[in-house]
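The values are calculated or read from the model by the stated rules, or taken from the named source; none is laboratory data. Bear in mind that the values here come from a model prediction, so they are computed numbers and not experimental data. Note: ideal-geometry Cβ built from the backbone for every residue, glycine included; neighbour counts use all protein chains shown. Please note that ligands, DNA and RNA were not included when accessible areas were found on the heavy atoms of the full protein model with its side chains. Shrake-Rupley method; radii C 1.70, N 1.55, O 1.52, S 1.80 Å.
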Amino acid sequence: ASLLFLCFRLTLVTPLIFCLLLQPPLTQLSIVRRPNIVLLMADDLGIGDVGCYGNDTIRTPHIDRLAKEGVKLTQHIAAAPLCTPSRAAFLTGRYPLRSGMDAINNYRVIFWNAGSGGLPPNETTFAKILQQQGYTTGLIGKWHQGINCESRNDHCHHPLKHGFDYFYGMPFTLISDCEPTETPEMDRAFRRKLWLSTQMIGLFTLTAVLGRLTGLIPVHWKTLTCLAGFSLLFFVSWFSSYGFVRYWNCIMMRNHEVTEQPMVTARTTSLILRESISFIERNKHKPFLLFLSFLHSHTPLLTTEKFLGRSRHGLYGDNVEEMDWMVGQVLDVIDKEGLKDTTLIYFASDHGGWLERQEDKKQLGGWNGIYRGGKGMGGWEGGIRVPGIFRWPGVLPAGTVIDEPTSLMDIYPTVVHLAGGVVPQDRIIDGRDLLPLLQGMVAHSEHEFLFHYCGIHLHAVRWHQKDSGAIWKAHYVTPIFSPPGAGACYYTGFCPCFGVGVTHHDPPLLFDLSQDPSEAKPLSADTEPLFDTVIRKIGRAIEEHRRTLTAVPEQLSVYNVVWKPWLQPCCGTFPFCWCDKEVNN
């Protein structure tokens, strides 16, 4: 009887075991393919500002820990050298030119919360795809991709329209105007011209009035009235926007609600950190995406008293060290909640450090290490080569360094793939899935060519010649530094993309970055036997690339960039916009 019972049990159990073996390992697959994703992005941080990339005057132990426990990329490239276009490329996996988020003029970023330009509603961000895959998605910190299109409350460019379930932070970007004690930064040169024009018109009007009163100038009172009216109208037309930058641009929002107008900068850091930690704690039981977009280390370098004077690199160093501490706080909560092994963490900067940002001979911008150039320069490495670090214990090998060309645009297909989603098939995605490279399953990046734009102007192209290991880079346009030989455009504060401030090169300047990463010694046909072959190869790649471009509405056109009062976010009745809804929070 016992033998019969044993045979009966085997006939039941054996098919069950066989079926289980045939099924895919769903539990393991769900862990590997649907991790929590935390994206940490610094603002204006230079690659030379981080300890694990060679800095020995600014302490960044928590960022360094990520590199030690994960994978460090040494050729991580931003798609643009400024905030708005770089972040548009990051969110969409596409060159900003494809979405109209690169400039045809000198207004190369979103300039006002009340502008009508921004990330187009028809663009699909990685957040939107992860949201469709069941992820809870949150953006804490800086957005700088626009808010409204046609009315104050349409929110067509808002994070919640682009796949984020929750948003807390600045819809704009930090500028010195946000601090009443700081020298105004926004459109400084243009503002000076407006003030000068106003004074000249006012002086002319006053002279005409005095001439009429003394009988020296025969002019009708009607003409003087019109002249005075014009003077007043001219002043109001620009002062209504530039005179209230702090109220119009320096605001904080929670989802669609304005919570601070103007923002109280003394507590901004603590609120952003609190919101980030709270988001993780609220969503720890399900897959989540957190994009923590730091306001550090953009001027005016908001730094709490605890960190002032701590670094050996002045206020900028203090600010970077505080950001590193914030990274540590996020890592601590991930560890405390038991999420370390199921969370992919990524750290990067949106572009290179701002070399020209100085006040009273104090350097307030970042350092780009051995790399030439900086923020605003579309071709030189210092403007586009940024830190890039991934950590995912048990999946990515710790302590790995990868010296292959990668792009911020690669985050898009990488996280979409991990979430079990599919990238859009109706448009070109320029990013490449990094997971095989990060895991060591392949030796080379999928990128053969990367195109480096300054606005809509192609400044340089790199070619990764994988069989030889060479990384060729051809510069077709370079900015003219001022003063000559200075390494940046200190006279103007930003290097231009076109016009009299650039030099066109024919033949292009050619460098082999694998031998000359500082781009110090341009090659020629006399010094490099492959010169003509390389230039022809890159030229053909440019032709093929341009065939993939299609005309799209320019989001940074003058019309889209200018301030429009009917689009201004306001927590009161416009123009009486001021509130502080965090005061008791």
Query raised in the report: Where a ≥ b ≥ c are the square roots of the eigenvalues of the C-alpha gyration tensor, would you call segment 425-467 rounded, which needs a/c under 1.5, or, failing that, prolate if a/b is larger than b/c, or oblate?
Result: oblate
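Add -39500 (n - 2.57) for each DSSP H run of 4 or more in the chain, then divide by its residues: what number comes out at 222 nm, to the nearest 500 deg cm²/dmol?
Numbers: 16 runs with 188 residues, N = 585.
Only helices count here, giving -10000 deg cm²/dmol.
State, as an integer percentage, the relative contact order of segment 188-242 based on alpha-carbon contacts under 8 Å between residues 6 or more apart.
Numbers: 21 pairs, mean separation 22.0, N = 55.
Value for segment 188-242: 40 percent.
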**Report entry** Neighbour cut-off at most 11 other Cβ (10 Å), DSSP loop, GluC sites (Glu not before Pro), segment 105-209
**Finding:** E150
Query raised in the report: Among all the lysines, which ones have a C-alpha under 25 Å from K128's C-alpha, if same-chain residues fewer than 8 places away are not counted?
Result: K142, K161, K284, K286, K340
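Got a sec? What order do C178, C570 fall in by accessible area at 1.4 Å, biggest, i.e. largest, first?
Details: C178 0, C570 30 Å².
So the residues, ranked largest to smallest area, are C570, C178.
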Report task. Taking the dipole about the Cα centre of segment 519-575, with the C-beta of Lys and Arg at +1 and of Asp and Glu at -1, give me whichever of L530, F574, I542 is farthest to the positive side. Result -> F574
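Please compute the per residue accessible area over the chain with all protein chains in place, 1.4 Å probe, rounded to a whole number of Å². Walk me through the numbers on the way to the answer.
Numbers: 25110 Å² over 585 residues.
That works out to 43 Å² for each residue.
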Requested in this report: Using only protein heavy atoms and a 1.4 Å probe, report how much of H313 is accessible, in Å² to the nearest 10.
Outcome: 70 Å²
Requested in this report: Can you send over the solvent-accessible area of T269, 1.4 Å probe, protein chains only, in Å² to the nearest 10?
Outcome: 10 Å²
Report summary line: Hydrodynamic radius by Kirkwood for segment 454-494, inverse mean 1/r across distinct Cα pairs, in Å, is 12.3 Å
Report summary line: Excluding residues fewer than 8 positions from K193 in its own chain, the lysines with Cα under 26 Å of it are K361, K362, K375, K564
Report summary line: Taking every other residue with Cβ under 12 Å from the Cβ of P120 and scoring Lys and Arg +1, Asp and Glu -1, one gets +2
Report task. Quickly rank 453-464, 220-231 as a protection proxy: mean count of other C-beta atoms within 10 Å, highest first. Result -> 453-464, 220-231
Query - Sequence ranges 353-363, 541-551, ranked by mean other-Cβ count within 10 angstrom, highest first - result: 353-363, 541-551
Requested in this report: Set Lys and Arg Cβ to +1 and Asp and Glu Cβ to -1, take the dipole of segment 400-494 about its Cα centre, and tell me which of P483, L418, I429 lies farthest positive.
Outcome: P483
**Report entry** Carbon and sulfur %, accessible surface of segment 188-242 computed with the full protein complex present, 1.4 Å
**Finding:** 77 percent
**Report entry** Size-normalised alpha-carbon gyration radius of segment 199-245, reference 2.2 N^0.38 Å
**Finding:** 1.34
Query raised in the report: Which Cα, out of G93, V50, N106, lies furthest along the positive dipole direction of segment 26-117 (beta carbon charges, K/R +1, D/E -1)?
Result: G93
Query raised in the report: Which one is right for this structure if Rg and Dmax of the Cα atoms in Å is calculated from it: (1) 27.0, 132; (2) 25.1, 79; (3) 49.8, 176?
Result: (1)
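Sorted by accessible area with a 1.4 angstrom probe, largest first, how do T303, T125 fall?
On the way: T303 30, T125 0 Å².
From most accessible down to least: T303, T125.
Tell me, in nm to one decimal, what length is gained between E543 and V219 on full extension, where the rule is 0.36 nm per residue of separation less the Cα-Cα distance?
Details: separation 324, 0.36 × 324 = 116.64 nm, distance 6.31 nm.
110.3 nm is the gain from fully extending E543 to V219.
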Query raised in the report: Going by alpha carbons, how many degrees (0 to 90, nearest 10) lie between the helix axis of 268-282 and the longest principal axis of the chain?
Result: 30 degrees
Requested in this report: Sequence neighbours fewer than 8 away in the same chain don't count; with that in mind, list the lysines whose C-alpha is under 26 Å from K537.
Outcome: K466, K473, K521
**Report entry** Dipole in debye (nearest 20) - the chain, about Cα centre, beta carbon charges: Lys, Arg +1; Asp, Glu -1
**Finding:** 920 debye
Query raised in the report: Put F239, F167 in order of accessible area, largest first, 1.4 Å probe: what do you get?
Result: F239, F167
Query - Amide H contacts of D165 (H built 1.01 Å from N, under 5 Å, at least 5 apart or other chain) - result: T137, G138
